[in-house]
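In what follows, a structure is listed as structure tokens, so that the remarks can point back to it.
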Amino acid sequence: MNLTNGRGASGCQWARSRLFGSWPSSLATLAIVYLAARWLPPLLNWALLRAVWSPDRAAACRDSQGACWAFVADKFRFILFATFPADQHWRPALVIAILLALYGVSGFQLVRRLRLLCLWLGGLALIGLLMWGGIFGLTYVENERWGGLTLTLLLSTFGIALAFPLSILLALGRRSEMPLLRWFSIGYIELIRGVPLISVLFMASVMLPLFLPQGVSIDKLLRAQLAMTLFAAAYLAEVIRGGLQAIPPQQEEAALATGLSYWQRVCYVTLPQALRVAIPPLVNTFIGFFKDTSLVVIIGLFDFLTTIKVSLNEPAWSGFGIEAYLFSALGYFAFCYPMSRYSQALERQTAHGTGLSALREN
Amino acid sequence: MVRQLDIRQRAALYQIFLLAGVCLAGWYFIANAVDNLLARRIASGFGFLWREAGFEIGESTLLSFGAADSYFKALTVGLLNTFRVALLAVVFSTVIGVAVGLARLSPNWLLTKLASTYVELLRNIPLVVQLFFWYAVITESFPAPAQALNPLPGFYLSNRGLAVPTISTLLPLAIDYPAFSGFNFSGGVVLSPEFTALFLGLALYTAAFIGEIVRAGILAVDRGQYEAAQSQGLSPAQLMRLIILPQALRLVVPPVTSQYLNCIKNSSLAVAIGYPDLVSIANTTINQTGQAIEGIAVIMLVYLTISLAISALMNRYNRRFALRGGKT
């Protein structure tokens, strides 16, 4: 049953064991081949061969039997940058490049710890400068005009970056010996984890303004960012708590015996170890969070998905929803899949990556 | 000064500060809210629940609803709609998920690849995008009811949704097939495009996660168990059914339950494609009455109740079935 594809085995032997190993297996192979033969050619025909690619041929899409990728080609800039002033598009483009570079540097572990932190802080400050402008001869661009893929990346990156310190406090609070602090942390974490994200977003978009003094208002983007941050913090806190629980209690006892204070114990002994254990599930949480940013479509922020959805409202492109959402699926997949492969690789690296830990993450 | 206090007193002091801080913040926000509500002339409280809703709900199969009914009844219809789609999605996602999990472990290379592609694809695309996609597929590419696709006898797919046969609950049992007449289907049940898209999206998305859990659960069963069962002369099917699956089940049930919970929470994305679930109706209510605080309180209360109820059931299950000194 468990024959492996040995290096010496010929293709024929491989096929016999992995495709026609038994009667049910042979039947499954034949069924899959039959279905592929039946469905793949028309699908490829639609998606590639008969598709319309050129953006100036909206009318051609109507007559064609194929997919209308012209839609994407036409709306490309809008999908990336939304309504950011056209002559300033290099700024959000640079922001996307900086973010990707930061992810790359962190993912491949090119620099360590403190330097990485400095790099991130510098990078995020530079991103803020590029997006808002207002100094060094850059024209000021208000939040309302940010959007597209840029906004999706900003929401998820800043959301996690801001939620991280809060989640550490919550995780420590949940393990604290002070009952009141523990109850508050548990209450917060379980409340947020018990309700759907959309209700937290609604809270930020319609309820929060009621709780601010009259005359004070926070714009929609920042409110959504706040909601996403508060939401992410609860989930991150549970991941970090998992990491803290994985550390043998002797570590804490030894640190206590050395005479370290609470914060010294946390910063030098427990937290660094806990975070290292928690990296793969942290990456998974980030993937989930990245996908969740698409929910801002419901409160009407112009992220990657919303720009695509709104483009469909134009008469020229209405009725091409399938192409539009296939493209947006591809966009999200291009970000999430490499990250999920990355976290799987990390899991295999660490000794803790057994089948059981995969179970616990979900 | 603080140095001289012992640790206990210091802890008490911190907690008093925390409590005072939380109370102060709470008081500040509530005071603001009271001011704002006064300025906007919105009466706070849940009295609005008994007022006339004045809107129609597209789908109220389980409870008849008209514009003259109250907001309370509208929200109840929404909750029932949430349950209707979530329960159906839970059942189907379990079936598909188990199949996918087993397929990923099968000796057949094609089947394994197919299942892992399914899992990777579905897990790495946001659910909202998938819902929009299915909705677009149904409304844009399916034919009008008159030319409805008929993939199985009694099942019709058209841009008005999916028509399925029903079994009458009254005796004698009879199957009521949908049939096209005039401009639409009569007989059976017609599931709206919104319902169909949401159900399909939720079931397929949740199934990808359940598939991974099932796979990991089966892999976690000790190798010795396989070897012992094989040496007893059990067939592969018996081995799976009698030895492996019962043991895997113990590991699989807790995470699968949390996936069910996610599925119920995710059904709130109904609002994105216009299926009238609890969140979508609460949203309409908020827009009409301005009772934002109460509306969101209702949503959160309902979901929290569901979450807590399911966790309580889960804990009972764990106490009964966990291994001695067991984990999870």
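What follows is calculated from the coordinates using simple rules that are stated; it is not laboratory data. Keep in mind that this is a model prediction, so the values were computed, not measured. Methodologically, a virtual Cβ is constructed for each residue, glycine included, from the backbone with ideal geometry; neighbour enumeration extends over all protein chains shown.
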The cysteines in chain A that find no other cysteine Cβ closer than 4.7 Å to their own Cβ are A:CYS12, A:CYS118, A:CYS267, A:CYS336
Mind checking which helices in chain A clear 27 Å along their axis (Cα) and have mean Kyte-Doolittle hydropathy of -1.0 or more, DSSP H runs only? A:23-44, A:113-132, A:148-174, A:220-245, A:271-292, A:321-349
Qualifying aspartates and glutamates (Cα of each under 16 Å from Cα of B:LYS113; at least 8 residues distant if same chain): B:GLU212
Find the eigenvalues of the gyration tensor of the Cα atoms of chain A, then list the square roots of 5 times those eigenvalues as equivalent ellipsoid semi-axes, largest first, in whole angstrom. 40, 35, 19
Per residue of A:199-210, what is the mean number of Cβ atoms on other protein chains within 10 angstrom of that residue's Cβ? 6
Lys and Arg at +1, Asp and Glu at -1: add these up for the other residues within a Cβ distance under 15 Å of A:LEU119 and post the number. +3
Which net charge results when you count Lys and Arg as +1 and Asp and Glu as -1 among the other residues whose beta-carbon is under 14 Å from that of B:GLY58? -2
Max mean-square fluctuation residue, GNM over chain B, Cα-Cα springs under 10 Å, options B:GLY21, B:GLY78, B:GLY290: B:GLY21
Please give the average number of partner chain Cβ atoms lying within 10 Å of the Cβ of each residue in B:26-36, rounded to a whole number. 3
Calculate for chain B the 222 nm mean residue ellipticity that helices alone would give, adding -39,500 (n - 2.57) per DSSP H run of length 4 or more and normalising by residue count, nearest 500 deg cm²/dmol. -20500 deg cm²/dmol
For the stretch A:214-361, report the convex hull volume of the alpha-carbon atoms normalised per residue, in Å³, without decimals. 150
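Which ordering of B:THR117, B:THR257 is given by a fewest-first count of other beta-carbon atoms within 10 Å?
Ascending number of Cβ neighbours within 10 Å: B:THR117, B:THR257.
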Taking all pairs of distinct alpha-carbon atoms in the stretch A:274-351, Kirkwood radius in angstrom: 14.3
Among B:LEU198, A:LEU226, B:LEU249, what is the fewest-to-most ranking by other Cβ atoms within 10 Å? B:LEU249, A:LEU226, B:LEU198
Which aspartates and glutamates does A:LYS291 reach when only Cα atoms under 15 Å apart count, and residues fewer than 8 places away in its own chain are ignored? A:ASP303, B:GLU120
Rank B:TYR118, B:LEU269, B:SER158 by how far each Cα sits towards the positive end of the charge dipole of the stretch B:71-321 (+1 on Lys, Arg Cβ; -1 on Asp, Glu Cβ) and give me just the farthest. B:TYR118
Alpha-carbon Rg/Rh ratio, for the stretch A:10-131, with Rh computed the Kirkwood way: 1.24
From the P(r) of chain B, can you give the percent of Cα pairs sitting at distances over 34 Å? 45
Note, A:LEU149: beta-carbon cut-off 13 Å, +1 each Lys/Arg, -1 each Asp/Glu, net +1
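What Kirkwood radius, in Å to one decimal, follows from the Cα pairs of the protein assembly as shown?
With all distinct Cα pairs of the protein assembly as shown included, I get 28.3 Å.
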Residue exposure sequence - A:ARG50, B:ARG215, A:ARG18, B:ARG316 - by fewest surrounding Cβ within 10 Å: B:ARG316, A:ARG50, A:ARG18, B:ARG215
Can you give me the C-alpha center-to-center distance between the stretch A:8-39 and the stretch A:314-333, rounded to a whole angstrom? 35
What value, in deg cm²/dmol to 500, does the helix sum -39500 (n - 2.57) over DSSP H runs of n ≥ 4 give at 222 nm once divided by the residues of chain A? -21500 deg cm²/dmol
B:TRP27 versus A:GLN13, label points 7 Å from Cα toward the beta carbon: distance in nm? 8.2
Looking only at B:ALA148, B:ALA237, B:ALA115, which one moves most when chain B is put into a Gaussian network model with springs between Cα atoms under 10 Å? B:ALA237
Whole-Å semi-axes of the stretch B:2-41's equivalent ellipsoid (Cα gyration tensor): 37, 6, 4
Please report how far the C-alpha centroid of the stretch A:209-235 lies from that of the stretch B:53-115, rounded to the nearest whole angstrom. 31
I'd like the Kirkwood hydrodynamic radius of the stretch B:185-243, using the inverse of the mean 1/r over distinct C-alpha pairs, in Å. 14.9
Spatial separation of Cα centroids for the stretch B:306-320 and the stretch A:91-137, in angstrom: 44
